[in-house]
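A.B. asks: Sending over a structure as structure tokens; questions will come in a sec.
Just so it is clear, none of the values below were taken in a lab; they were calculated from the coordinates. None of the values given here were measured: they were computed from a predicted structure. Cβ coordinates were reconstructed from backbone atoms using ideal geometry, including for glycine residues, and neighbour counts include every protein chain displayed.
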């Protein structure tokens, strides 16, 4: 592979395993190598995993209200978006976003962004570990318990909400269990609740804690998926992770999130997977590794099916926002107005920490409508054309030092700086046609030339290839 | 629950707490710095929030009386965006720093805006994220420049006098410093936030020593945000990320931690609870309520009122101040009382 092909492949990896990368970062990573970069992403320094590291400290110093935003979703959304933009461990944030897609929990009901951020921290901590542990932690997560009413699930008055979604949306998928299984799973999770917490007045929010109440747990016999015993919640999870349906369900989610857009989840029972062979590889890896997510991600990122899946996934709004802001190096320090970065994905159809339902968001083409498409394009255009931003200034400076002059060189350099994108011939021609209208770059007038470069970058941001991951 | 923290002949006795989370009036919104005045009056700087802009300076009393507030949100003169520090001169005029607007604002004791000074920049006498500020024994202002890691001294009218400090992790360097104080000898103590230590300098900027280093154990600090020194030379480091105040003696030896002792609800806090029956019911259901309620949650600033031998800690996330009285020449009572 040529050096530029290496850079393009690395750009693809960083879009999927992170939120994109500047050309400078891509050069550094290519020098390290593809597989080594995968390992670096999979094995971040322990210190930076969950909390009191630099990104968190910096944000909380300048915006202390992002620590315990309570029922104000904007500050919680801003907090997470700031981490997506600035985390030195982008895959940790990306994996957390993946689990937030699957285990969707929303502020619309929880009314407690503190606990939603705590759940995100849990995804950061356990997201690349083993899936069984993740399910156990999820079952004990206060935001999830409240979201799916398990605090209302009592020995003598069973509430099936958590038990149903555990099977339908979090592990096996519909048509792989019966209504009786839902009931029995729910009985096994009776007594898994949250302890009363100090209310918000007068000193602000205090944390919820998981509380297991043995006296409220139904310890009698249950029959679940053909197994019989006096099951408790963890026993149910042990049975779930032995089911082939679970392997397929989780791998299909991962394929949809990291590799290529699938049909929406409700259609999975009737539509075959986009790439059954790739799905089979992923399922085998997950099973052989004992549900080790890191092992699966390693195989997936290093596979040919992943490397060849360029432009086969429409970026989620969070990816558009975080990726663009990383590229232009905006919001790498907190400043007033931070709520804007939390709100932007919502304008495009994805209010993080506040999904539309427990089903999460519909992805792929569902991200695009006449309003969201304009919001996405305008967001990118406004940033990449802003020559006051340091990332844009670096792009301009690079082009100058590279001696970029002709319209063709301008288009090519712009595509490289925005992720080594390869446009369709038709789009490439249209872009070139626009660039030709301005003639060659005039470096004696840097301000005007910067503006011209910004315009071309903005047009690149509107292309299918940029809007796809 | 340690309501009294005793080390040798010193004791820090929890007195009470003031405040509640409130966007205006009888409470604070992320209190970030405090300056004690005469007669039990306190000036408290609230950082506020991006979504509910309630930054302000509140004038209150130790007896939990609200007097008035000023310096609210805005870029106009007399307002604040990133309100960070507060200090009083001998006439009890109020000086505040704004690390976004890069200026010092001056108010009289009644909160009337007088004037402001300062300009953004990296040069001598310019501001780059001014955060902590304190008066020295000559009634000049020493001000931390957080973003370029410098400490600068000005007359209280804003004339630049001197400065020192470079960014780094070396012995005499600073990295994003935050709080600052001076002692009776004119020495300057800086909360070296990103280096997890307190730095001590002479008035002329000579490095005299460091207190603490990164970690969570005794003698350790994680992102210290505030610093105060009492008349005995004991140093108080607000150990922001470790959720405590670490106390050191004048030689830098660790003495004790304060972790927050607010077992009781403040007067204004009680008003919130009494007005909300659901809050009362829920509080009755909480186990170990006192223990949870008492603790600091990311405290930021502190001040030591030497006239009253009293430590005041901004318990920022809880919207309150926790007050400790220091007793020197403390003698432990007989065991068989």
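A.B. asks: Post the alpha-carbon centroid distance, segment B:184-200 to segment A:96-124, in whole angstrom.
C.D. replies: The two parts, judged by their Cα centres, are 39 Å apart.
A.B. asks: When the helices in the protein assembly as shown are scored as -39500 (n - 2.57) per DSSP H run of 4 or longer and the sum is shared across all residues, what 222 nm value do you end up with, to the nearest 500 deg cm²/dmol?
C.D. replies: Numbers: 28 runs with 282 residues, N = 806.
Per the formula, -10500 deg cm²/dmol.
A.B. asks: Compactness ratio of segment A:22-174: Cα Rg over 2.2 N^0.38 Å, N = residue count?
C.D. replies: Ratio of Rg to 2.2 N^0.38 Å for segment A:22-174: 1.17.
A.B. asks: Same structure, new question: May I ask for the Kirkwood hydrodynamic radius of segment B:12-120, worked out over all distinct Cα pairs and given in angstroms to one decimal?
C.D. replies: 13.8 Å
A.B. asks: Just to confirm my numbers, what's the Cα centroid distance between segment A:394-423 and segment A:205-224 in Å?
C.D. replies: Using only Cα atoms to place each centre, the spacing works out to 59 Å.
A.B. asks: Taking neighbour Cβ counts within 10 Å as the exposure measure, how do A:268, A:162 sort from fewest upward?
C.D. replies: Fewest to most other Cβ atoms nearby, the residues stand as A:268, A:162.
A.B. asks: Once you have all Cα-Cα distances for segment A:142-296, histogram them in 5 Å bins from zero and send the whole-percent values.
C.D. replies: Here the calculated profile for segment A:142-296 is 2, 9, 16, 17, 16, 14, 12, 8, 5, 2, 0, 0.
A.B. asks: Still on this model: How fast does segment A:248-308 diffuse by Stokes-Einstein, in µm²/s, taking the Kirkwood radius from C-alpha pairs at 4 °C and 1.567 mPa s?
C.D. replies: The Stokes-Einstein estimate is 112 µm²/s.
A.B. asks: If you don't mind, there's one more thing I want to ask. Okay, which of segment A:279-301 sit inside 16 Å, backbone N to the point 7 Å along the Cα-Cβ direction of residue A:308?
C.D. replies: It comes to A:279-282, A:300-301, nothing else.
A.B. asks: Roughly how many Å is it from the Cα centre of segment B:215-245 to that of segment B:299-331, as a whole number?
C.D. replies: 12 Å
A.B. asks: How large is log10 I(q)/I(0) at q = 0.25, 0.26 Å⁻¹ when the Debye formula is applied to the Cα atoms of segment A:157-223, each weighted equally and without solvent?
C.D. replies: -1.03, -1.07
A.B. asks: Here's another thing I want to ask about it. Going by a ≥ b ≥ c, the root eigenvalues of the Cα gyration tensor, does segment A:291-406 fall in the rounded group (a/c under 1.5), the prolate group (a/b larger than b/c) or the oblate group?
C.D. replies: On the way: a/c = 1.81, a/b = 1.23, b/c = 1.47.
Judged from the Cα gyration tensor, segment A:291-406 comes out oblate (a/c at least 1.5, b/c at or above a/b).
A.B. asks: Roughly what would the spin-label model give for residue A:212 and residue A:276, points 7 Å off Cα along C-beta, in nm?
C.D. replies: 4.2 nm
A.B. asks: Taking the simple approach of a point 7 Å from Cα along Cα-to-Cβ for both residue B:249 and residue A:36, what is their distance in nm?
C.D. replies: Between residue B:249 and residue A:36, the label points sit 5.2 nm apart.
A.B. asks: Output the peptides B:104-113, B:146-155 sorted from most to least packed, where packing is the average of other Cβ atoms within 10 Å over each peptide's residues.
C.D. replies: So the peptides B:104-113, B:146-155, ranked by packing, come out B:146-155, B:104-113.
A.B. asks: Here's another thing I want to ask about it. Please check which bits of segment B:89-132 a label hung off residue B:39 would reach, taking the label as a point 7 Å along Cα-to-C-beta and the cut-off as backbone N under 13 Å.
C.D. replies: In segment B:89-132, the label zone of residue B:39 (backbone N under 13 Å from the point 7 Å along Cα→Cβ) covers B:92, B:109-110.
A.B. asks: Sticking with this one: Would you mind calculating the gained length between residue A:238 and residue A:5 on full extension (0.36 nm times residue separation, minus the Cα-Cα distance), in nm to one decimal?
C.D. replies: The span from residue A:238 to residue A:5 would gain 79.5 nm if fully extended.
A.B. asks: Also, I was wondering about something else. How far, in degrees from 0 to 90, does helix A:425-436 lean away from the longest principal axis of the Cα atoms of chain A, to the nearest 10?
C.D. replies: Long axis of A:425-436 versus the principal axis of chain A: about 40 degrees.
A.B. asks: Please report the base-10 log of the normalised intensity I(q)/I(0) for segment A:385-467, using a Debye sum with one equal scatterer per alpha carbon and no solvent, at each q in 0.20, 0.22 (1/Å).
C.D. replies: With one equal scatterer per Cα and no solvent, log10 I(q)/I(0) is -0.83, -1.02.
A.B. asks: Test of understanding: express the Cα radius of gyration of segment B:207-337 as a ratio to 2.2 N^0.38 Å, with N the residue count.
C.D. replies: Details: Rg = 17.0 Å, N = 131, 2.2 N^0.38 = 14.0 Å.
This ratio for segment B:207-337 stands at 1.21.
A.B. asks: Any chance you could get the radius of gyration and Dmax over the Cα atoms of segment A:374-431, in Å?
C.D. replies: Taking only Cα atoms of segment A:374-431, I get Rg and Dmax of 12.2, 34 Å.
A.B. asks: Using only alpha carbons, build the gyration tensor for chain A and give me the equivalent ellipsoid semi-axes, biggest first, whole Å.
C.D. replies: With the √(5λ) rule applied to chain A, the semi-axes are 43, 25, 18 Å.
A.B. asks: Stick to the Cα atoms of segment B:4-327, pair each with every other, and give me the Kirkwood hydrodynamic radius in Å at one decimal.
C.D. replies: 19.5 Å
A.B. asks: Residue separation times 0.36 nm, minus the C-alpha to C-alpha distance between residue A:400 and residue A:220: what's the value?
C.D. replies: Contour length minus the Cα-Cα distance gives 57.4 nm.
A.B. asks: Can you give me the three principal axis dimensions of the protein assembly as shown from its C-alpha atoms, in Å, biggest first?
C.D. replies: Result for the protein assembly as shown: principal-axis Cα extents of 82, 79, 43 Å.
A.B. asks: How shielded is B:48-58 by partner chains, expressed as the average number of their Cβ atoms within 10 Å of its Cβ atoms?
C.D. replies: Details: counts 2, 8, 17, 12, 3, 1, 1, 0, 0, 0, 0.
Mean number of neighbouring Cβ atoms from other chains: 4.
A.B. asks: Say each of residue B:113 and residue A:175 gets a label point 7 Å from the Cα, pointing the same way as Cα to Cβ; how far apart are those two points in nm?
C.D. replies: 6.7 nm
A.B. asks: Kindly provide the Kirkwood hydrodynamic radius of segment A:280-358 in Å, to one decimal, from all pairs of distinct alpha carbon atoms. All intermediate terms of the calculation are to be shown ahead of the outcome.
C.D. replies: Numbers: mean 1/r = 0.0643 Å⁻¹.
Result for segment A:280-358, one decimal place: 15.6 Å.
A.B. asks: As I understand it, the value is the acute angle between the Cα axis of helix A:90-102 and the longest principal axis of the Cα atoms of chain A; what does it come to in degrees, rounded to 10?
C.D. replies: 50 degrees
A.B. asks: Counting pairwise Cα distances across segment A:91-222, what percent come out greater than 19 angstrom? Walk me through the intermediate numbers first.
C.D. replies: On the way: 4432 of 8646 pairs.
Tail of the P(r) past 19 Å holds 51 percent of the pairs.
A.B. asks: Applying 1/(1 + (r/R0)^6) with R0 = 51 Å to the Cβ-Cβ distance of residue B:232 and residue B:275, what FRET efficiency is obtained, to the nearest 0.05?
C.D. replies: 0.75
A.B. asks: For segment A:120-177, what is the largest minus smallest coordinate of the Cα atoms on each principal axis, given in angstrom and ordered from greatest to least?
C.D. replies: So the three principal-axis extents are 36, 27, 15 Å.
A.B. asks: Quick check on the exposure proxy: order A:384, A:38 from fewest to most C-beta atoms within 10 angstrom.
C.D. replies: Fewest-to-most ranking of A:384, A:38: A:38, A:384.
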